[in-house]
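K.L.:
Mind having a look at this structure? Questions to follow.
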Amino acid sequence: MKTKFEETLYDRNKSNIYVHFWLLKAKSKRDNYLQLALAYKACLINADKSARPFYADSMIINARRTNDIELTASAYLTKGIVHYERMEHSKALDNYLKADQYASRTTKPILINKIKYGIAQIKYYLGFYDEAISLLQECVNYFREENDRAYLNSLHALGLAYMKIGKYDLASETNQLGIDQGKLFEDTSMECYFKHSEAINMCYKGNFKSAVKKLNQLVPDIIRIKDYGNESATYYYIGKAYWSLQQPDKAINYFKKVDRIFELKSYILPDLRSAYEYLIDYYKEKGDSRAQLRYINQLLKVDKLLAHDYKYLLKKIVKEYDTKELINAKNDIEDAILITRVTACIVVVLMAIIIIHLTHKNRRNKKLFEELMNRDTANHLVPFEATFDESEIDFQESTETDSKDKRARTISPDIEAAIVKNLEKFERNKKYLEYDMNLSKMAAILHTNSKYVTQVIAKHRGKGTIEYITELKLDYIVEMLKSDSRFRNYTHKALGEEAGFRTTQNFTRAFKSHTGITPSYFIYKLKKSINTDSST
């Protein structure tokens with residue numbers, strides 16, 4: 001149920017005169033921070049996109065002065081949405097995360113889920129589709145009973161994310177559910193978007209003729225609502241479908257429309273980038289150097305724009321034309337300089353070295369990952385079958401004093417058995433996860449002295465004390481990553497804290513030293529292997 005204020009705020013028929021009068025009235029009273037924050041939010045909704053960041057900043061300043069946690073969270077969320085609409089995804093995410101910090105201290109689930117939806121959109125555009133799906137599923141479950149439009153928006157975003165990870169049938173089911181639910185709610189405003197998503201899904205499924213037909217039918221509606229983002233995507237997928245149908249002349253006309261929208265709106269997404277690769281290949285085949293050069297220059301502009309907000313996603317996109325190759329091709333066409341055989345040989349040799357190095361590194365990491373997956377990290381505490389060599393302990397028997405020293409440091413069988421029993425209890429209770437666990441703390445927990453602890457661990461675990469504690473911590477984290485999907489979404493900092501490491505750097509350094517691979521690589525391969533298993 002909306003408050004009277006919210007009904008007024010989101011009534012788009014209210015004139016700018018009313019909104020600015022509200023702002024002036026709020027400014028006329030001293031310390032009237034609540035009304036100022038609300039008035040700036042109303043101004044933002046009625047303002048042009050260019051002015052919205054100013055109103056968003058003013059809204060946050062006054063919301064924070066009220067010390068109202070919920071209002072401050074809402075202000076940061078609104079600013080995040082403003083940046084998202086401006087294609088400033090990094091800034092949008094920063095504000096969503098700030099909003100989440102405040103919202104976590106409230107009891108407003110609707111606010112929390114709106115923030116989740118915003119963060120899910122950013123994760124989607126950065127290419128973290130599995131993480132986006134997890135958040136969107138929570139949004140769908142919550143908004144189903146709370147907010148019809150937010151529910152439909154979440155369904156639409158979820159269908160797109162399913163499509164990106166190759167779950168095309170699930171994407172189709174989600175799109176159809178969205179259409180059916182919209183009719184049930186008597187809200188068909190999202191129907192065009194669900195049909196658009198499904199038409200693109202047909203393209204991914206290889207049903208190119210149907211995709212072309214459906215997408216062409218949707219073009220007038222998309223143009224009417226002035227959604228140039230989806231208009232550009234529509235042209236791209238029509239072009240891609242025609243290209244797959246071996247009709248490059250038709251495809252090129254649609255790829256040119258993608259370029260025209262980029263020229264007019266500076267709008268492009270990583271998914272649409274390959275339109276320029278198709279254009280470059282097409283005109284290269286035609287021998288049209290002038291057109292080829294034009295689209296090389298355009299692709300360089302596209303990469304420059306995408307690099308700011310999509311640097312993480314760009315790493316995941318297979319680019320047939322990287323920046324260096326594009327610049328070389330541009331110079332070749334402009335200057336008409338032939339590449340010498342020596343230069344070509346050097347490039348080939350360097351590329352071969354790089355490929356060999358990367359191949360070796362990939363094989364090594366893959367082998368280490370498989371070894372780690374096969375390692376029994378859940379039951380790693382196997383008694384060490386070594387004979388205790390007293391000569392390794394730092395004392396001599398040459399003097400009477402030394403003999404007394406030896407007797408003082410030799411453990412009786414009963415005491416040794418008691419320490420081993422306490423050591424096993426220490427392992428079962430996961431005491432090693434405590435912060436700054438060291439030799440003196442262990443001695444206190446095991447009810448003995450530091451020298452005895454060192455000797456028992458060396459004899460029964462075959463390790464030094466620090467090495468032993470560190471490996472326990474890391475085996476625990478590895479096992480949790482294998483068995484509990486929640487851990488795979490943790491940051492390195494959170495994983496380190498879970499294992500009792502003082503700093504993130506200590507955790508990542510220890511993980512690499514212990515396993516041979518980084519935590520990021522292990523989690524990436526683990527998610528990939530799980531997704532592969534679930535899709536088969």
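Nothing in this text is a laboratory measurement; each read-out follows from the coordinates by a stated rule. Source: prediction; values computed, not measured. Neighbour counts run over all protein chains shown; Cβ positions are idealised from the backbone, glycine included.
K.L.:
Can you figure out the FRET efficiency of Ser189 with Ile346, using R₀ = 45 Å and their beta-carbon distance, to the nearest 0.05? Show your work: numbers first, answer last.
P.N.:
Values: r = 59 Å, r/R0 = 1.31.
Using R0 = 45 Å, I get an efficiency of 0.15.
K.L.:
OK, next. Taking every pair of alpha-carbon atoms in segment 212-292, what share in percent sits in each 5 Å bin, from 0 to the bin with the longest distance?
P.N.:
So the P(r) values, bin by bin, are 3, 16, 26, 25, 18, 8, 3, 1.
K.L.:
I'd like the FRET efficiency for Glu277 and Ser485, computed as 1/(1 + (r/R0)^6) with the beta carbon distance as r and R0 of 25 Å, rounded to 0.05.
P.N.:
My answer for the efficiency is 0.10.
K.L.:
Could you check the spin-label model distance between Lys209 and Asn506? Points 7 Å from the Cα along Cα→Cβ, value in nm.
P.N.:
6.6 nm
K.L.:
What's the FRET efficiency of Leu34 with Ala307 using the Cβ-Cβ distance as r and R₀ = 30 Å, to the nearest 0.05?
P.N.:
0.15
K.L.:
Points 7 angstrom from Cα along the Cβ direction at Gln101 and Ala417: gap in nanometres?
P.N.:
Distance between label points: 5.6 nm.
K.L.:
For segment 184-232, what class follows from the C-alpha gyration tensor (a ≥ b ≥ c being the square roots of its eigenvalues): rounded when a/c is under 1.5, otherwise prolate if a/b is larger than b/c, else oblate?
P.N.:
Oblate is the answer for segment 184-232, as a/c is 1.5 or above yet b/c matches or exceeds a/b.
K.L.:
Using the basic label-point model (7 angstrom from Cα toward the beta carbon), what is the Lys430 to Asp376 distance in nanometres?
P.N.:
About 2.0 nm separates the two model spin labels.
K.L.:
While we're here: May I ask you to evaluate 6.51 cos²θ - 1.76 cosθ + 1.60, the Karplus curve with θ = phi - 60°, for each residue of segment 506-518 and list the ³J(HN,Hα) values in order in whole Hz, giving x for glycine and proline?
P.N.:
3J(HN,Hα) across segment 506-518, in whole Hz: 4, 5, 5, 5, 5, 4, 5, 5, 6, 10, x, 10, 7.
K.L.:
Sticking with this one: To check my understanding: the extent here is largest minus smallest coordinate of the Cα atoms along each principal axis. What are those three numbers for segment 70-155, in Å, largest first?
P.N.:
So the three principal-axis extents are 30, 30, 19 Å.
K.L.:
Tell me, in nm to one decimal, what length is gained between His20 and Lys256 on full extension, where the rule is 0.36 nm per residue of separation less the Cα-Cα distance? If you can, show how the numbers build up before the last one.
P.N.:
Working: separation 236, 0.36 × 236 = 84.96 nm, distance 4.31 nm.
Taking His20 through Lys256 to full extension adds about 80.7 nm, to one decimal.
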